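Worksheet: one structure, shown below.
Since every read-out is calculated from the coordinates, none of them should be taken as a lab result. The model shown is predicted, which means the values in this text are computed figures rather than measured ones. Here Cβ is always computed from backbone atoms with ideal geometry, including for glycine, and neighbour counts include all displayed protein chains.
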Amino acid sequence: MAESTRLVDVLQDRIDGFLQARRPELDGIASDLHPFARFSADLLQGGKRFRALFCYWGWQSVAGLEAAADVLATSPDKAQFDAVVTASVGLEFFHAAALVHDDIMDNSDTRRGLPAAHRRFEELHRDGGWLGDAAAFGTSGALLFGDLLLSWSDELLADAFDSLESRDAARTARREFNRMRTEVTVGQYLDILEESAWGTAPDDELLARAQRVIVYKSAKYSVEAPLLVGAAMAGGSAEHLKSLSAFGLPLGIAYQLRDDLLGVFGDPAVTGKPAGDDLREGKRTVLIALARQSLPVGSVRLLDELLGDPDLDDDQIRMLQATIRDSGAVDAVEALISEQVAAAQSAIGSAPLAPSAKAQLSQLADTVTRRTA
């Protein structure tokens, strides 16, 4: 995936340039805003860039261009390339904002191996010996930080759409982006709702409710929407968008199912999050719903009692991991991942899209569902 590797470097350069250009604006307001620039650079350094890659290859699947290297060097369509890169960067800023807000809601301590944003603002308060409650300041600072990232995201997407020659393409791309923002926001709400309200729902509805969270919190936002934004920017037809949805939605479901497994069984040295973090946060995922269906009543009662306890120790985490694994839920989720990937691969194989982009998307399908972080 040489083109995708090259694109990741281009994206990082564009991110760094955008943040560098914002520094004088922040400095002109107050030197106290240095943390916003520093925390932005840290959060947006590296990462897997999946949303940006799906946006780009969604565009390529319609535009039918050759390699990104050729576009950068000689193509008369460099302006189109610049527009989709700008949009892709905007999606990365949106994702960064979502991570900041998600960590507040989940009361997470770390993100990508560093303290979560609200913990960093909390540390500023403590180190400065300021008045009031450090934790409350940390939450407020991170909320505003996330809002700033959202503002910058919209600025980037607006610039990208405004630079398109086709107003129809720009309107369609904006519509897909707007739909994505609505879906991921309500999906996040459905996620925290499940953590609190699952006990009032009938047991036979819990799996369907967990699947609903996957679709709207992650599947559409992580894969389908970026593909559609990119394809729309290239002037994709209804048939193009339908084909990419048929690929993107099942792949997005598989992506989140893998994420759910990593949230329980992932290696902290690789994921940058504590072992069993989803267990302490009380995530009511498909994995948990499947485990509850297979476990005896006593084990279900214990699982329900412990899940969501932020003070779970390492022994309790290991016990819960073993319980979930012994239930057969891990194998069931792995089977679901395989089924969804197969559906995505089948859809892309017959789609009326550029062959080179289809090959890259097929490789990405394997990459995003076999990852370890």
ask   = Stretch residue 114-residue 322 to full length: gain in nm at 0.36 nm per residue minus the Cα-Cα span?
value = 72.1 nm
ask   = So what's the Cα pair-distance distribution over the stretch 232-284, bin width 5 Å, in %?
value = 4, 19, 17, 14, 11, 9, 9, 11, 6
query = Out of these labelled values of Rg and Dmax of the Cα atoms in Å, [x] 21.2, 67; [y] 23.1, 71; [z] 22.1, 75, which was calculated from the coordinates shown here?
reply = [x]
task = Measure off 7 Å from each Cα along the Cα-to-Cβ vector at residue 158 and residue 238, then give the distance between these two points in nanometres to one decimal.
result = 3.1 nm
ask   = How large is the helix-only mean residue ellipticity at 222 nm for the chain, computed as the sum of -39500 (n - 2.57) over DSSP H runs with n ≥ 4, divided by its residue count, in deg cm²/dmol to the nearest 500?
value = -25000 deg cm²/dmol
ask   = Suppose R0 equals 35 Å; then what is the FRET efficiency for residue 135 and residue 16 from their Cβ-Cβ distance, rounded to the nearest 0.05?
value = 0.65
inquiry  = Starting from the 7 Å offset along Cα-to-Cβ, what nm value, one decimal, do you get for the label separation of residue 79 and residue 178?
reply    = 2.5 nm
inquiry  = Using DSSP to call loops (not H, G, I, E or B), can you name the chymotrypsin sites (Phe, Trp or Tyr not before Pro) in the stretch 127-166 whose Cβ has at most 14 other Cβ atoms within 10 angstrom?
reply    = 130
request  = Would you pull out the residues with amide H under 5 Å of residue 164's amide H, same chain only if 5 or more places away, H placed 1.01 Å from N?
outcome  = none
Shape parameters for the stretch 91-235, alpha-carbon atoms, Rg then Dmax in Å = 18.2, 55
ask   = If we count GluC sites (Glu not before Pro) as exposed when they sit in a DSSP loop and have at most 15 other beta carbons within 10 Å, what is the longest stretch of the chain that avoids them all?
value = 166-373
task = Quick one: which residues, 5+ away or cross-chain, put their amide H under 5 Å from the amide H of residue 110? H built at 1.01 Å from N.
result = 116
remark   = Phi angles of the stretch 216-230, converted by Karplus (6.51 cos²θ - 1.76 cosθ + 1.60, θ = phi - 60°) into ³J(HN,Hα) in whole Hz with x for Gly and Pro, give 8, 6, 10, 4, 5, 6, 7, 10, 4, 4, x, 4, 5, 4, x
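Determine the gain in length on full extension of the stretch residue 305-residue 203; use 0.36 nm per residue of separation and subtract their C-alpha separation, reporting nm with one decimal.
Working it through step by step, the gained length comes to 35.2 nm.
Before anything else, pin down the relative contact order of the stretch 1-157: Cα pairs under 8 Å, at least 6 apart, normalised by residue count, whole percent. Please report the intermediate quantities before stating the final value.
Values: 147 pairs, mean separation 37.0, N = 157.
It comes to 24 percent, rounded to a whole number.
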message = Between the stretch 238-302 and the stretch 304-354, what is the separation of their alpha carbon centroids in Å?
response = 5 Å
